[in-house]
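Student: Below is a structure I'd like to ask you about.
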Amino acid sequence: MVMELEARVESNVRLSDEYNVVTLEAPSIAANADPGQFVMVKLSDSQEPLLRRPFSIFEICRNSSGAPTGFSLLNKRIGIVTQQIFDLTDTKRVSVLGPLGRPFTAINKPTQAWLVAGGVGLAPFLMLSEKLRRQGVAVTLYYGARNANELFYINIFEQLGVNVVTATEDGSLGVQGVITVALNERLQKIETNEALMIYACGPTPMMQAVTNLATEYHLPIEVSLEQVMGCGLGGCYSCVVRIRDEQGQEHYTRSCVNGPVLPGEQIVWEAL
């Protein structure tokens, strides 16, 4: 069920000069959100920009009894709204619409889950990891960034029992290079009967590369697209992406309604 509300800012934790995590008080949205879904947000007292912007739900926050109290957003400041989110204080309120979109498909053991995240593409994977680990699924997170200072929450994933593999372009932590280098190295070692599901979120070239690897090794893959959206409800058609159906016919689909999670092999990546 989609809800619209004014959420109070509970906290704003600066992770670096570019990244922060904002926690919003919104128990009704938190209680209904699934891994991979998103919210549309904007500052309640700002008319610029006019429309909300999409953010993946990062973490569900709970009180001492385990009841959902709100959720957090992992943010990187690159534009007007992300700068506003970076600067939020606990005196502000945020206009929120959600939860929205198609969530990830949660697998069951003995199938393993490999999550591939680039930069702020880490955002949808904390909720997914929590759910998969509760179901006893073995989870590996492949997490890449430009340098070690842009890799966050590794200890939180490890506390969940997630195996974390890192890569940095400057070699300051983990494998030197992009994260698909580390992924490909591990894929070369999998057994032919190894049950595996790949999930990816991050820059479009990274997700395309991961999809190509999954296809090469005949593995299923879901990607969480990061399209520009105007409404989040399917009315404006600003977020359409070209996909192929099972017969190979191409058509457009609204990523806010039928995504943001889509099978990677269905996407016409050259059209993004």
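Any read-out appearing in this document is the output of simple, stated calculations on the displayed coordinates, not a laboratory observation. Model, not experiment: these values are computed from the prediction. Cβ placement follows ideal geometry from the backbone for every residue including glycine, while neighbour counts extend to all protein chains displayed.
Student: Could you work out the equivalent-ellipsoid semi-axes for the chain, taking the square root of 5 times each eigenvalue of the Cα gyration tensor, largest first, in whole Å?
Tutor: Ellipsoid semi-axes (Å, largest first): 29, 22, 18.
Student: Under the Karplus relation 6.51 cos²θ - 1.76 cosθ + 1.60, θ = phi - 60°, what is the ordered set of whole-Hz ³J(HN,Hα) values for segment 260-266, x standing for Gly and Pro?
Tutor: With the stated coefficients, segment 260-266 comes to x, 8, 9, x, x, 6, 7 Hz.
Student: Place a +1 charge on the Cβ of each Lys and Arg in segment 3-100 and a -1 charge on the Cβ of each Asp and Glu, then give the dipole magnitude about the Cα centre in debye, rounded to the nearest 20. Let's see the in-between values first.
Tutor: Numbers: 10 positive and 12 negative charges, 18 e Å.
Dipole of segment 3-100, to the nearest 20 debye: 80 debye.
Student: Here's something else I'd like to know. How big is the Kirkwood radius of segment 3-100, worked out from every pair of different alpha carbons and given in Å to one decimal?
Tutor: 13.2
Student: Show which lysines lie in cross-link reach of K189 when reach means a straight Cα distance below 30 angstrom and same-chain residues fewer than eight apart are skipped.
Tutor: Straight-line reach from K189, under 30 Å: K109, K131.
Student: So, in nm, how far is label S95 from label I190 when the simple model puts each one 7 Å beyond its Cα toward the Cβ?
Tutor: It is 4.4 nm.
Student: Just to confirm the number: angle between the C-alpha axis of helix 125-134 and the first principal axis of the chain, 0 to 90 degrees, nearest 10?
Tutor: Between the helix axis and the principal axis of the chain, the angle is about 70 degrees.
Student: Under a straight-distance cross-link criterion of Cα-Cα below 17 Å, which lysines are reachable from K42, leaving out those fewer than 8 residues away in the same chain?
Tutor: Output for K42: K76, K92.
Student: When ranked by the protection proxy of mean other Cβ atoms within 10 Å per residue, highest first, what sequence do the peptides 174-185, 43-54 form?
Tutor: Ranking the peptides 174-185, 43-54 by packing returns 174-185, 43-54.
Student: Jot down the radius of gyration and Dmax of segment 112-224, Cα atoms only, both in angstrom.
Tutor: Rg, Dmax (Cα atoms, Å): 12.9, 37.
Student: With everything on Cα atoms, drop me the angle between helix 204-216 and the longest principal axis of the chain, reported from 0 to 90° to the nearest 10.
Tutor: 30
Student: Provide the percentage of antiparallel DSSP beta bridges, counting only those with both residues in the chain; round to the nearest 5.
Tutor: That works out to approximately 60 percent antiparallel.
Student: Moving to a separate point now. What is the order of K42, K76, K189, K109, fewest Cβ neighbours within 10 Å to most? Intermediate results must be reported in sequence, preceding the final value.
Tutor: Values: K42 21, K76 17, K189 7, K109 12.
By the 10 Å Cβ count, ascending: K189, K109, K76, K42.
Student: Using a cut-off of 14 Å between beta-carbons, work out the net charge of the residues near S95 (Lys and Arg +1, Asp and Glu -1, S95 not included).
Tutor: +1
Student: Quick one: length gained pulling S28 to R146 fully straight, 0.36 nm per residue minus the C-alpha distance?
Tutor: 38.9 nm
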